[in-house]
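The values are calculated or read from the model by the stated rules, or taken from the named source; none is laboratory data. Worth saying up front: this structure is predicted, and the values here are computed from it rather than measured. Note that each Cβ is placed from the backbone with ideal geometry, even for glycine, and that neighbours are counted across all protein chains shown. Quick note on the areas: whole protein, heavy atoms, side chains included, nothing else; ligands and nucleic acids left out. Shrake-Rupley method; radii C 1.70, N 1.55, O 1.52, S 1.80 Å.
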Amino acid sequence: MGKPDTNIDFEAQAPLVKEGDEWSTHNLHDDQAVSHRKIIRRWNRLSRLQRSLVYAAVIVSITLLALLYTSKTNVVYVHNEIKIAQPEPVSNDTLVNDLLQAEKPRRTVYDSETNERPVFTGPGNARQYAVVQSFRHAWRGYKEHAWGHDNLKPVSGMPYDWFSLGLTIVDSLDTAYIMGLNEEFEEGKEWIKEELIFTRNKDVNFFEVTIRVLGALLTNYHFTQDEMFLDKAKDLGERLMAAFSSPSGIPYSDVNLGTRTAHAPEWSHYSTTAEVTTVQLEFRELSRATNNPMFEDAAAAVSEKIHHLPKKHGLVPIFINPNTGHFLPHATITLGARGDSYYEYLLKQWLQTGKTINYLLDDYMTAIEGVREFLAKRSSPNKRLFIGELTAGSEVYNPKMDHLTCFLPGTLALGHANGLPDWHMTMAEELLYTCYLTYAAHPTFLAPEITHFNLISTTDDMYTKSADAHSLLRPEFAESLWYMYQVTGNTTYQDWGWQIYQGFEKYAKVPNGYTSLANVKAEKPVPRDMMESFFMSETLKYLYLLFSDDRFVIDLNKYVINSEAHPLPIHKS
């Protein structure tokens, strides 16, 4: 049906009256005038008291209508979700057994093509403001001593290059945007526009450049709709495509962006399983943004190929041969280094594509069941849940857990919020508490790179070897805290995050930025003199989002977050 005519001529709609041989509306107008005069005469005949009562009745009616309207609209909506009251924090000792269950966000179908771009208004409370000041402190130190280089060595005030791509600028730019730091954002944007090039004859790591640079460019394009970011992303993506030139289609680990060639690393014929399976979100989004399917096709084919390979109840070895397309036999199985994000991207790809690719969900569900059966154990004497490894060659169980593994509680919570079994959430809560204890066990309130667990002990559940006691200021615990906070609304997770933030401020902050530390067990840890780009891109971003009063600032119903904390839109298919 056509739309109704809103430019109606009301006079033309009056009924016609016959006057002799002519049709007109004259009599109708006369009748209306007479009626008006009658009403006025009757009003004038009323006493002053009667008129006052009429006025009072009108005022009361208007007031009641206004109150009724206000009561109906007094619920605050955030991103189409009712913002529920936050539960009171629970004590750390009882969190695992008695976590308050707030209402979980209801997932809605999201049309990325019509969704409005997010609006970020800056810090809304003291904790967020503190994190913004930390970011600005790190940015200033980097700008003064390492501008245009990949990383800053904040103790010596020297630059450090890995790929010569200005990693810190590109990687952390969307954090500045989310925090409302317009000056810093414009500085970084100008550098990317004028200085970021991919023509150097230099090898880079395919995975790291994809998640840090390509992912960041795509997020900034999505947030701002500035075509410059998409042009840079397209140029980089076309050069990275060389990695898929192996006989099997499994990507090589090293790519020369200038020559558009790729090869295996010098030290091995194998690629890392996590690395070749943690590029799909970015390449799929590049295809959607450029309307060129080649990027998505190449990356999706890798996931499909690995889907058909034999596994140990969904668990994968950490090395794969790009020439043959097969896993390295008897390689270590872990949710730590070289294995972690394979599992993360199974779930997130399923969400990114509107829950339409079933084999991704099947592989994820099977893998998490495998984690529960083969890798999850409890320590002694206090039965802390942790995720261990199956050691290379022998598949003997090794009760050690990388800090990287602390991504898992957030991923489990994300899956549960999208309809996966309740035991996923139970595992998430318990494992997150164990991750918290790896921080709380040390005088710095910072976690080591690796924690070891006792299976038979009457004293301590966990311990840290000297070789594993360093901290790179990694984001995984803060990441999972934010996921759990958004899913549950439990403000205890904010309190935990504030504790580790204070550890960063007390022990890692130096005049030029923030430094990694040599030993979290020491009262005065020695600095390692490196500020990784992920500290500004991920760690500070997740803490800023965690401390928000509005836990849906970046709504997990609308965005999927890549492995470097760059939000990408969810599609319908």
Size descriptor, Kirkwood hydrodynamic radius, that averages inverse alpha-carbon separations across the stretch 341-450, Å: 14.9 Å
Å³ per residue enclosed by the Cα convex hull of the stretch 492-542: 84 Å³
Amide H partners (placed H, <5 Å) of His326, local residues excluded: Asn321
Residue-count net charge about Val255 - beta-carbon cut-off 13 Å; Lys, Arg +1, Asp, Glu -1: -1
For the stretch 351-396: rounded, prolate or oblate by the Cα gyration tensor [a/c cutoff 1.5]: oblate
Chymotrypsin sites (Phe, Trp or Tyr not before Pro) within the stretch 339-446, DSSP loop, no more than 12 other Cβ atoms inside 10 Å: none
Placed amide H near Thr261: partners under 5 Å, 5+ positions off or other chain: Asn256
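Identify the GluC sites (Glu not before Pro) of the stretch 248-322 meeting these criteria: DSSP loop state and at most 11 other C-beta atoms within 10 Å of the C-beta. Walk me through the intermediate numbers first.
Numbers: sites: Glu266, Glu275, Glu282, Glu285, Glu296, Glu304; in loops: Glu266.
Hits after loop and neighbour filter: Glu266.
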FRET E, pair Met158, Asp422, Förster distance 56 Å, beta-carbon r, rounded to 0.05: 0.65
Accessible-area ranking of His149, His452, His326, largest first, probe 1.4 Å: His326, His149, His452
Asp422 - accessible surface, heavy atoms, 1.4 Å probe, Å² rounded to 10: 110 Å²
Modelled label reach - Thr199, point 7 Å along Cα→Cβ, the stretch 235-262 residues with backbone N closer than 18 Å: 235-240, 256-261
List His307, His269, His222, ordered by accessible area with a 1.4 Å probe, largest first: His269, His307, His222
Extension reserve of the Thr366-Glu505 stretch, reckoned as 0.36 nm per residue once the Cα distance is removed: 46.0 nm
Low-density loop cleavage sites - GluC sites (Glu not before Pro) in the stretch 459-567, where at most 10 other Cβ are within 10 Å (DSSP): Glu523
